[in-house]
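Here's the structure, in structure tokens; my notes come after.
The values are calculated or read from the model by the stated rules, or taken from the named source; none is laboratory data. Source: prediction; values computed, not measured. Cβ atoms come from the backbone with ideal geometry, glycine included; neighbour counts cover every protein chain shown.
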Amino acid sequence: MKLQFWSLDAIFASVIFGTAIIIMTFVWYNVSNQFAITNGYGVESIMGQLQGVEAKLLGQGAPSNWNNIINPSNITTWDNMTVGLSTGNPLNMSTTKIFSLMAMSNYNYQSTKQALGVGYDYYITISNSQFNFSMGLNPNGRHSMSDQVATVPVIVGGSPATMQIILWTNTTFGVE
């Protein structure tokens with residue numbers, strides 16, 4: 001008995017197989033996105049946290065002289081305070097507060113994530129042609145998979161500068 005090949009049968013089977021693959025891909029994509037949103041791992045979560053960090057940094061912090069109260073090398077003094085870099089005017093940054101946050105970040109990066117209220121990694125730069133302050137972990141060279149960036153014009157020591165806040169992660173959003 002010889003094996004027979006019918007072209008209509010092959011086309012029909014290919015259409016069914018292709019349709020099944022497309023349906024499975026669509027279902028997997030939707031389940032993955034729903035999982036990400038439900039568990040707070042989606043882009044919406046990182047964007048929400050970025051807006052929160054931006055608002056905190058543009059504020060004075062609580063108490064407004066938090067940088068004089070804390071000891072950057074003693075995490076227990078970081079309790080009951082909120083980080084803010086402003087002098088009172090939301091765009092006027094305090095250099096002493098910037099240096100305090102830099103010292104905190106250098107001493108214990110993970111604890112500063114909690115002080116800033118973020119679950120993602122962060123990298124903050126405040127710079128102009130005369131200075132460049134940076135704190136946190138730079139996503140370059142760390143296999144960042146997703147990041148969100150906020151750029152805010154600020155004033156530091158009477159000079160205009162740019163504050164860039166990057167929240168990033170090296171894990172994918174959704175089901176892996």
task = Only residues that are modelled with pLDDT of 90 or more and not aliphatic (A, V, I, L, M): list them for the stretch 88-109, please.
result = 92, 94, 95, 96, 97, 99, 100, 105, 106, 107, 108, 109
request  = Just give me the residues in the stretch 114-132 being closer than 13 Å to residue 165 by Cβ, modelled with pLDDT of 90 or more and surrounded by fewer than 19 Cβ atoms within 10 Å (Cβ to Cβ), in sequence order.
outcome  = 125, 127
query = Out of 162, 96, which single residue is among the β-branched types (Val, Ile, Thr) and within 26 Å of residue 48 (Cβ to Cβ)?
reply = 162
request  = Starting from the stretch 95-123, keep only residues that are touching a residue at least 40 places away in the same chain (Cβ under 8 Å), then list their pairs with residues that are part of a helix (DSSP H, G or I) whose Cβ atoms are within a distance under 6 Å, requiring at least 6 positions of separation or different chains.
outcome  = 116/53; 117/52; 118/49; 118/53; 120/46
request  = Name every residue in the stretch 11-58 that is β-branched (Val, Ile, Thr), surrounded by 11 or more Cβ atoms within 10 Å (Cβ to Cβ) and at pLDDT below 90, in order of residue number.
outcome  = 31, 37, 43, 46
